[in-house]
Amino acid sequence: MATAVVSGASVQCTMGMAPGQLLVTSQATVLAGGMPAATVTDAAPMTNVTPCGMCTSLANPQVAAATAAALGVLTPMPCVPVPVGIWTCAGTPLIGGKPALSTDATLACSYGGSIRIVSPGQTIVTY
């Protein structure tokens with residue numbers, strides 16, 4: 001079962017070495033756990049999807065250049081996310097006419113990575 005994702009959620013790229021963060025800018029009226037709920041359009045680099053530590057993708061020009069300078073030894077460089085399109089996820093409810101972002105979502109990066117939700121940014125406490 002998927003969970004609603006909110007501002008402050010943790011994201012991870014398959015080519016990144018540390019988690020990044022998701023920041024919601026698509027809407028501010030629908031809250032989940034007291035935080036703005038994310039939609040599939042919250043996919044802008046740096047504005048919505050923050051860096052995931054160091055990038056290890058040779059498709060990233062900075063990584064390729066540093067690796068070439070190190071005579072072929074993979075040399076990670078700082079991540080600068082370059083998302084392609086919007087998040088994809090299974091059928092979800094709409095928020096302001098846009099599909100809500102859920103924990104099963106993925107987002108492709110131009111450098112060959114796949115960004116996924118690690119933590120939705122909210123927890124449900126049951127007594």
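Can you tell me which of 6-14, 27-35 comes out highest on packing, and rank the rest after it, using the mean Cβ neighbours within 10 Å?
Answer by packing, highest mean first, reads 6-14, 27-35.
Sticking with the crude label model, points 7 Å out along Cα→Cβ, report the distance from Ala64 to Thr29 in nm, one decimal please.
4.5
Compute the convex hull volume of the Cα atoms of the chain, divide it by the residue count, and report the result per residue in Å³ as a whole number.
Each residue corresponds to 99 Å³ of Cα convex hull volume.
By the 4.7 Å beta carbon criterion, which cysteine residues of the chain come out unpaired?
Isolated Cys, the chain: Cys89, Cys109.
Ignoring ligands, DNA and RNA, what percent of the accessible area of the chain is carbon or sulfur (1.4 Å)?
Percent of accessible area from carbon and sulfur atoms in the chain: 66.
How large is the helix-only mean residue ellipticity at 222 nm for the chain, computed as the sum of -39500 (n - 2.57) over DSSP H runs with n ≥ 4, divided by its residue count, in deg cm²/dmol to the nearest 500?
After summing the helix terms and dividing by the residues of the chain, the value is -2000 deg cm²/dmol.
Could you work out how much longer the chain between Thr50 and Val118 gets when fully extended? Use 0.36 nm per residue separation minus the Cα distance between them, nm to one decimal.
So the extension gain works out to 23.1 nm.
Extension gain Met17-Ser110, at 0.36 nm per residue separation less the Cα-Cα distance, in nm?
Additional length available on full extension: 31.8 nm.
Please list the equivalent ellipsoid semi-axes of region 1-46, computed as the square roots of five times the alpha-carbon gyration tensor eigenvalues, in descending order and whole angstrom.
20, 12, 9
Where does the Debye-calculated log10 I(q)/I(0) of region 11-78 sit at q = 0.22 Å⁻¹, using only Cα point scatterers of equal weight, no solvent?
Once normalised to I(0) and log-transformed, intensities are -0.88.
If you average the sequence gap of Cα pairs under 8 Å that are 6 or more apart and divide by the length of the chain, what percent do you get for the contact order?
Result for the chain is 32 percent.
The values are calculated or read from the model by the stated rules, or taken from the named source; none is laboratory data. The structure displayed is predicted, hence computed values, not measured ones. Neighbour counts run over all protein chains shown; Cβ positions are idealised from the backbone, glycine included. For accessibility, only protein heavy atoms count, side chains too; no ligands or nucleic acids. Shrake-Rupley method; radii C 1.70, N 1.55, O 1.52, S 1.80 Å.
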